[in-house]
Amino acid sequence: MFRRLCTGTRLNQVMGRFSTSANVALRNHEKTTLLVDLDGTLVNTLPCTEIAFEKLCERNNLKIEYDSSALQHLNRFGYGPMIKHMLKCEYVLTTAQEEKYVQEFLDIILNETYVNAQIYPHVSDGLERLANQGNINLVLCTNVPQKIAEKMLKHFDLHRYFTMVVGGDVVPLNKPNPDHARYAIDKAGGDRRHTIVVGDDENDSSVATKAELPIFMVPYGYAVRPVALLYPNLILNDIGELSEAVKLYNSHLGSL
């Protein structure tokens, strides 16, 4: 079952904001929009990222020392910023050179190493239960570029569960900027008053806080700190618990 249903100030504030609208939503059977992260939440993209980076360095004779923990930390900020940071550790490059390497790296993932990503346990059955539950608007909100995110979803046969994908390259400012989440909700026809963020790290927590949205978190992703210290509304063991978590959260709101 769930690790924790937070009862601190943040949960009470969120409950207070959404209690009236939630009662209306429950009576009218309106959909709950779930803004779900990809890497670190549904899929571990670190293996395909690491292999792609090695291929990039090999093909361009780049000598860059790194460890997996550094890539994991940078991975959550998006592939472009990650590659630029890694290159700047060893080389002084023009903007054009940086962009060339970033594009080559993205092409390697899109065409080659996306298959090395690893789906986390219970993701497929958890999303299937959500689909069967009904009244759920499932939206992927990720810093992973659009085409790569869509390809990974199809590779794992997860695309059929999502009404929309909003990648990091289709918005002016991506996570942790809350406008990424706001754009995804509006684009998918959701209601910000009935939306929950689902993620794994500080980016997702920051988005939820700034956009004034509740958040459910998983503990196995890319967070620098234990997710309990990010004060989510609910900590899940895995995505397999998400359907019951949504029911619990809505019933809690409906009882207020």
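So for Thr95, Thr142, Thr113, Thr195, fewest C-beta neighbours within 10 Å to most, what's the order?
Working: Thr95 8, Thr142 32, Thr113 21, Thr195 25.
Least crowded to most crowded, the residues run Thr95, Thr113, Thr195, Thr142.
Compared with the dominant principal axis of the Cα atoms in the chain, helix 123-133 is inclined by about 30°.
With helices as the sole contributors, the chain gives -15000 deg cm²/dmol at 222 nm; each DSSP H run of n ≥ 4 counts as -39500 (n - 2.57), and the sum is divided by every residue.
Value of Rg to Rh for region 45-161, rounded to two decimals, is 1.05; Kirkwood radius and Rg both from alpha-carbon coordinates.
With a cut-off of 17 Å on the backbone N, the residues of region 57-72 near the modelled label site 7 Å out from Val224 along Cα-Cβ are 67-72.
Taking the empirical scaling 2.2 N^0.38 Å for compact globular proteins as reference, the chain has a Cα radius of gyration ratio of 1.03.
For the chain, the longest principal axis of the alpha carbon atoms and the long axis of helix 9-28 meet at an angle near 70°. Loop exposure criterion: GluC sites (Glu not before Pro), DSSP state outside H, G, I, E and B, at most 15 other Cβ atoms within 10 Å. Applied to the chain, the longest stretch between such sites is 113-211.
Put in line by how crowded their Cβ is, counting other Cβ atoms within 10 Å and starting with the fewest, Ile119, Ile196, Ile108 read Ile119, Ile108, Ile196.
Ranked by the mean number of other Cβ atoms within 10 Å of their residues, highest first, the peptides 160-172, 34-46 fall in the order 34-46, 160-172. Here region 99-168 has an Rg and Dmax of 13.6, 45 Å, counting Cα atoms alone.
Read the figures in this text as sums done on the coordinates, not as results from a lab. Remember, it's a predicted structure, so these values are computed and weren't measured experimentally. Don't worry about glycine lacking a Cβ; one is built from the backbone with ideal geometry, like all the others, and counts go over all protein chains shown.
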